[in-house]
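Novice: This is the structure I want to talk about, given as structure tokens.
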Amino acid sequence: MKKLIMIISVSLLVCSSSTGKPIGQKNTQAAMASVSTEKSYADVASPTPIPASWLGKYTAYFSYGDVAGQAAGWELEINITKDKITAKGKGFQMAFMDELKANVSGSKLVLTHLKNVSGYTTGKKMNPEFTLVKNQGNFYVKSEWIAGGDVKEKPTALGYKIDKAKK
């Protein structure tokens, strides 16, 4: 019986020391930190609403050409709604989904990193992550995701052409 009590006592000590708190006591600092860092998109979104002309789905494909006998490249999709902005990239050795926030600057929509949802986290190091440019009814995109010379198509002075889905 003494041996059983000793084993239970040691087990309780080990369990309580691993969290730094006695068993049953909540770690209120950790709980408060997780609540305070979870902000809704509306809390950190642009101070002014994005003009309706920017709302929509933008898509582009960036080809690397032939890699090991197969066509290689990646797809970019940027979705802009009044509530949320996401950018998703998927393709040859690439996959990510990020939430973004926006600021309008003349004919440009500057999209900066808000948080990584899945995949590569490279976007958080980019400032801005994407810039959309509107010119005479056409749209263009600039980003470090695309830069680097690996993409076969070369950008115009405004960036790479990106298609906006018709409503």
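Novice: Tell me, what is the 1.4 Å probe accessible area of Thr112, in Å² to the nearest 10?
Specialist: Here the residue's solvent-accessible area equals roughly 20 Å².
Novice: Size of the dipole of the stretch 87-167 about the Cα centre, Lys and Arg at +1 and Asp and Glu at -1 on the beta carbon, nothing else charged, in debye to 20?
Specialist: The calculation lands at about 260 debye.
Novice: Can you run the Rg to Rh ratio on the stretch 49-103? Use alpha carbon positions and the Kirkwood inverse-distance Rh.
Specialist: Ratio value, two decimals: 1.12.
Novice: Taking Rh as the Kirkwood radius computed over C-alpha pairs, what is the Stokes-Einstein D of the stretch 106-167 at 25 °C in a medium of viscosity 0.890 mPa s, expressed in µm² per second?
Specialist: Estimated via Stokes-Einstein, D reaches 192 µm²/s.
The values are calculated or read from the model by the stated rules, or taken from the named source; none is laboratory data. What you see is a predicted model, and the numbers here were worked out from it, not measured in a lab. For neighbour counting, all protein chains shown are included, and Cβ atoms are generated from backbone atoms with ideal geometry for every residue, glycine included. Heavy atoms of the whole protein, side chains included, go into the accessibility calculation; ligands, DNA and RNA do not. Shrake-Rupley method; radii C 1.70, N 1.55, O 1.52, S 1.80 Å.
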